[in-house]
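What follows is one structure encoded as structure tokens, with my remarks underneath.
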Amino acid sequence: TYTAEEEIFISTDNISSIGIGNPQIICTSVKSNVFWISAENVTIKNITARHSKPEFWADCVGNVFAIDVANNITIENCDINGCGRIGVYIFDGSNITLRHNYIHDNSKCAVQLDGEDINQETNMYPNYIKFENNLIIDNGRD
């Protein structure tokens, strides 16, 4: 288990972070994203990413993954949960793939695509975001 007091900011291109042995990344600041990705060709795979549990779930205003000015991003086989307001927030990105993730218990929604909440997997969203075999449940209680 790894804890971070602030978000993990990825701004370098061509980065792969592949967990071995079920690592957990826990952000202790409920006002920060767990990961903020602003780069190209980034893969994050096989991790649990979440915030530490706040006293009251609505206190969490950070997202788990924030994708902003990013291209060719893959998040795969990750457990994206906890008080994260939004599991995966995509503000400005292209060629985003969410594959085999468990996205659950985020207080606002599972995925937000430039302001539009997504709480289920679908092929009705723009072709620059691909959903592949994710389990999306119990999001959006606020």
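Check His51: other-chain or 5+ apart residues with amide H under 5 Å from its amide H, H built from backbone geometry? Hits under the 5 Å cutoff: Cys27, Cys83, Gly84. Ligands, DNA and RNA are left out, and with a 1.4 angstrom probe the accessible area of the chain is 50 Å² per residue. What the Cβ-Cβ distance of Ala4 and Lys45 gives, at R0 = 25 Å and to the nearest 0.05, is a FRET efficiency of 0.85. Here the accessible area is traced with a 1.4 Å probe on the protein chains. For region 1-92, carbon and sulfur cover 45 percent of it. Residues in region 22-39 carry Karplus couplings, in order, of 6, x, 10, 10, 10, 8, 7, 8, 6, 9, 10, 6, 6, 10, 10, 10, 9, 7 Hz; the curve used is 6.51 cos²θ - 1.76 cosθ + 1.60 with θ = phi - 60°, and Gly or Pro positions show x. Once both labels are positioned 7 Å from their Cα atoms along Cα-to-Cβ, the gap between Val69 and Ile26 label points is 3.3 nm.
The candidate values were [x] 15.9, 46; [y] 13.6, 42; [z] 13.4, 39; the one computed from these coordinates for Rg and Dmax of the Cα atoms in Å carries the label [z].
The values are calculated or read from the model by the stated rules, or taken from the named source; none is laboratory data. All of these numbers come straight from a predicted model, not from anything done at the bench. All Cβ positions, even for glycine, are placed from backbone atoms using ideal geometry, and neighbour counts span all protein chains on display. Side chains included, ligands, DNA and RNA excluded: accessible areas come from the protein's heavy atoms. Shrake-Rupley method; radii C 1.70, N 1.55, O 1.52, S 1.80 Å.
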